[in-house]
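Take a look at the structure below.
The values are calculated or read from the model by the stated rules, or taken from the named source; none is laboratory data. All figures in this text were calculated on a predicted structure; none of them were measured in a lab. Neighbour counts run over all protein chains shown; Cβ positions are idealised from the backbone, glycine included.
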Amino acid sequence: MPETSQAATHDLVISRLLSARRAQLWRAWTDPALLKEWWCPKPWTTEVRAFDLRPGGAFHTFMSGPDGGTSDNPGCFLEIVPQQRIVSTSCLIADWRPATSWMPMTAIFTFADEGGGTRYTATAMHLDAATRDRHAEMGFYEGWNLCIDQLDAFALQLG
C-alpha cells in the first residue's frame, strides 16, 4: 500500500523480520501475563491494568523505571484480526470513551509469515508532524526496537 503524504509526515514505522513464528508472537502479545514480560525496555517493568482484546476493549499498561519514573498508558483496542493485526489508540479508553493522552497516537501492529520467521511491523500514527517528532526525540526507535528484541526473544521460548 503506498504511503500517503500524511503517513510520511505523521507516522513512525519499524518493520523487522523476527525469528519467532507468528503464533508465538501472537501469544506473547495477546496474553497479558506474557505481555508484561517484554512490553517495555528492561530494567523498566510493566503492570497490565486492563486488557480486553476486542474492539472497544480497554488496553492499559503502567510502566515503572528503576529510578522511580513512570509511564501511565490507558487506551483502547480498535481492531483485532487474529494472528494478523492489532490496532490500539491512546485517544480512547474502554467502550470508545474519549481520553486525554500525554502521547496521542494510534498504533498498528501487523504479523505476517516471511521465510522461516515473521514480518512484524509497528506503526505509530500521530496527529501531526510535531507530535511525531516529539515521539521520535523521546527515543521511539531505540525504545520500540528494544521491546521488539525482547518480544522476539521471549516468544521464541514459547511452545
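Scanning segment 149-159 for residues that are within 20 Å of R16 (Cα to Cα) and either loosely packed, with under 13 Cβ neighbours inside 10 Å or in contact with a strand residue (DSSP E or B) (Cβ under 6 Å, 6 or more places away or on another chain) (or both) turns up D152, Q157. The set of residues in segment 90-117 being farther than 20 Å from K36 by Cβ and part of a strand (DSSP E or B) consists of L92, R97, P98, M105, T106, I108, T110, A112, D113, E114, G117.
Checked against the criterion of being modelled with pLDDT under 95 and among the small types (G, A, S), segment 73-83 contains not a single residue that satisfies it. Quick check: anything in segment 13-36 of a type outside the set (K, R), part of a loop (DSSP other than H, G, I, E, B) and within 23 Å of G139 (Cβ to Cβ)? No - not one qualifying residue is present in segment 13-36. When the residues of segment 37-50 are filtered to those that are without any contact (Cβ under 8 Å) to a residue 60 or more places away in the chain and assigned to a loop (DSSP other than H, G, I, E, B), the one that is surrounded by the fewest Cβ atoms within 10 Å (Cβ to Cβ) is P43. Applying the criterion of being more than 30 Å from R49 (Cα to Cα) and either surrounded by 19 or more Cβ atoms within 10 Å (Cβ to Cβ) or not aliphatic (A, V, I, L, M) (or both) to the residues of segment 1-36, the residue that is modelled with the lowest pLDDT is P2.
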